[in-house]
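Before any comments, here is the structure.
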Amino acid sequence: MKVLVIGGGAREHALCRSLSQDPAVSELHCAPGNAGIAQVATVHPVDQLNGAQVADLAVRLGAALVVVGPEAPLVAGVSDAVRAVGIPVFGPSAAAAQLEGSKAFAKDVMAAAAVPTALSYVCTTAAEAAEALDAFGPPYVVKDDGLAAGKGVVVTSDRAAALAHAASCERVVIEEFLDGPEVSLFAITDGTTVVPLQPAQDFKRALDGDEGPNTGGMGAYSPLPWAPAGLVEEVQASVLQPTVDELRRRGTEFSGLLYAGLALTSRGTRVIEFNARFGDPETQVVLARLRTPLAAVLLAAATGTLDQLEPLRWDEGAAVTVVVASEGYPAAPRTGDPIEGLAEAEADGTAFVLHAGTRAGEDGQVLSAGGRVLSVTATGTDLVEARDRAYAAVDRITLKGGQHRTDIALKAATA
């Protein structure tokens, strides 16, 4: 089949890499793509937020499946435009994508479906925000109601900082702080059947020891040796299936990737947030461990036939991703710097480099073009081996002012 992937980050590179290895995929295209994706797919300069442009490209290519990667095109209705021309698409409608596009909507769905989550208030004025902050006390959790590219959440014990973030947003959700480790669990769904993937953990803070500002994610690993037995089955029954069922009951069927961000609290598992697409950088490690060919799985979700799918097959080993970010990230990322050592990083076959924010220079050199530049990913028999291989590959890459965390998966690997 011919497949078109929409997006241009490391998540989309991970999707394209897996699809390029699938014997069922005869042609692979990506719009707009990046310098790394261009090595495994034909890239097209299309506005990924323009549904008409994306649908037109899919028709011209004769695509049998369109996979929408990022959240912004989903919320903008790109999947609706593709469905309207009769092409199967992996990704929820704009209405269903409000599960990520509006945290207040997600809270309403969770309440109706009896999904365990943090107590919260939706606030639109400074007075409401102040009252909510005082009701919960520190640490304060303040979330921009809309999309914010992974940077709309502030967790702080500084009341003034919490109020300032609330004031910078049109509408916020202020909620109780959830203690305990966090888990990312993806599930593929056709709107009825829900197929969970393997859990992963990502690292949001910029600096070692979970210090520094929140980012889009500085690394991830899978599996989680410390996770309680039966976690996936529990979340499937108490979170994923009830949410999909509730959305279908409302006439807003959710088909695509449902991402549950979870906190394993002292009072049980709670949903921190939902996303309507694969997470970045967790996708990089989850797909690295998936052995079932990807295209048929995504097509089954897009065509309502997930119940006919055989159980997914997984690598029993581990995967670790380390994000290489540009100087100044996340506040003021520097771009346009040459990246050296990419071939050397992949030379021994134990690691691979997924491009996040890159572009091709005039001389063919790869240049940085964003805050998160690369996701260096490795697999191994266990987390220790996968981690060692990932960091060995990172050490072979040169980017002026580049930064990365040195403690991704360290605690889990040495426990």
(message) Taking 23 Å as the cut-off for C-alpha to C-alpha distance, list the pairs among Lys103/Lys204; Lys143/Lys400; Lys2/Lys204; Lys107/Lys411 that go past it.
(response) Lys143/Lys400; Lys2/Lys204; Lys107/Lys411
(request) With a 1.4 Å probe and every protein chain left in place, tell me how much accessible area Thr189 has, in Å² to the nearest 10. (result) 0 Å²
(message) Counting heavy atoms of the protein chains only and a 1.4 Å probe, report the per residue accessible area for the chain as a whole number of Å².
(response) 39 Å²
(request) Can you tell me what the convex hull of the Cα atoms of the range 132-188 projects to on average, as an area in nm²? (result) 4.8 nm²
(message) Using a 1.4 Å probe on the protein heavy atoms, what percent of the accessible area of the chain belongs to carbon and sulfur?
(response) 51 percent
(request) Go ahead and estimate [θ] at 222 nm for the chain from helices alone: -39,500 (n - 2.57) per DSSP H run with n ≥ 4, summed, over the residue count, rounded to 500. (result) -8000 deg cm²/dmol
(request) Please report, to two decimal places, log10 I(q)/I(0) for the chain at q = 0.08, 0.09 Å⁻¹ as given by the Debye formula with identical point scatterers on the Cα atoms and no solvent. (result) -0.40, -0.52
(message) Multiplying the sequence separation of Ala347 and Ala415 by 0.36 nm and subtracting their Cα-Cα distance, what value in nm do you get?
(response) 21.5 nm
(message) With a 10 Å cut-off between alpha carbons and a GNM built on the chain, which of Val155, Val142, Val286 moves the most?
(response) Val155
(message) Positive end of the dipole of the range 273-380, charges at C-beta (+1 Lys, Arg; -1 Asp, Glu), about the Cα centre: which of Ala369, Thr305, Thr379 has its Cα farthest in that direction?
(response) Thr305
(message) Using the Cα centre of the chain as origin and beta-carbon charges of +1 (Lys, Arg) and -1 (Asp, Glu), tell me which of Leu342, Val85, Thr117 is placed farthest towards the positive end of the dipole.
(response) Val85
(request) Can you tell me the dipole magnitude for the range 128-237 around its Cα centre, using point charges on the Cβ only (Lys, Arg +1; Asp, Glu -1), in Debye to the nearest 20? (result) 280 debye
(message) Springs between alpha-carbon pairs under 10 angstrom, Gaussian network model over the chain: which of Ser26, Ser255, Ser120 fluctuates most?
(response) Ser26
(message) Stokes-Einstein diffusion coefficient for the range 81-228 at 20 °C in a medium of 1.002 mPa s, Rh from the Kirkwood formula over Cα pairs: what value in µm²/s?
(response) 123 µm²/s
(message) Just to be sure I understand the model, the point goes 7 Å from the Cα along the line to the Cβ. What's the resulting Ala392 to Glu327 distance in nm?
(response) 3.0 nm
(request) May I have the extent of the alpha carbons of the range 211-281 along their three principal axes, as whole Å values ordered from largest to smallest? (result) 42, 27, 21
(request) Return an integer: the convex hull volume of the alpha-carbon atoms of the range 49-158, in Å³ per residue. (result) 120 Å³
(request) Could you calculate, for the range 298-415, the ratio of the Cα radius of gyration to the Kirkwood radius, expressed as Rg to Rh? (result) 1.08
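In Å³ and rounded to a whole number, note down the convex hull volume per residue for the Cα atoms of the range 153-253.
149 Å³
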(message) What is the distance in Å between the Cα centroid of the range 165-201 and that of the range 277-317?
(response) 19 Å
(request) Using DSSP to define loop residues, name the GluC sites (Glu not before Pro) in the range 307-415 whose beta-carbon has at most 13 other beta-carbon atoms within 10 Å. (result) Glu316, Glu362
(message) Within 10 Å of each candidate Cβ there may be at most 16 other Cβ atoms; applying that plus a DSSP loop requirement, which GluC sites (Glu not before Pro) in the range 142-236 survive?
(response) Glu170
(request) Starting from 0 in steps of 5 Å, tell me what percent of the Cα-Cα pairs of the range 309-357 lands in each bin. (result) 4, 13, 18, 19, 15, 12, 8, 7, 4, 0
(message) Compute the distance from the alpha-carbon center of the range 370-415 to that of the range 19-98, in whole Å.
(response) 29 Å
(request) Quick one, can you get me the convex hull of the C-alpha atoms of the range 1-112 expressed as volume per residue in Å³? (result) 102 Å³
(message) If I build a Gaussian network model for the chain, linking alpha-carbon pairs within less than 10 angstrom, which residue out of Ser238, Ser18, Ser222 has the largest mean-square fluctuation?
(response) Ser238
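The values are calculated or read from the model by the stated rules, or taken from the named source; none is laboratory data. Because the structure is a prediction, the values reported are computed rather than measured. As a convention, Cβ positions derive from the backbone with ideal geometry for all residues, glycine included, and neighbour counts pool all protein chains shown. Ligands, DNA and RNA are excluded from the accessible area calculation, which covers all protein heavy atoms including side chains. Shrake-Rupley method; radii C 1.70, N 1.55, O 1.52, S 1.80 Å.
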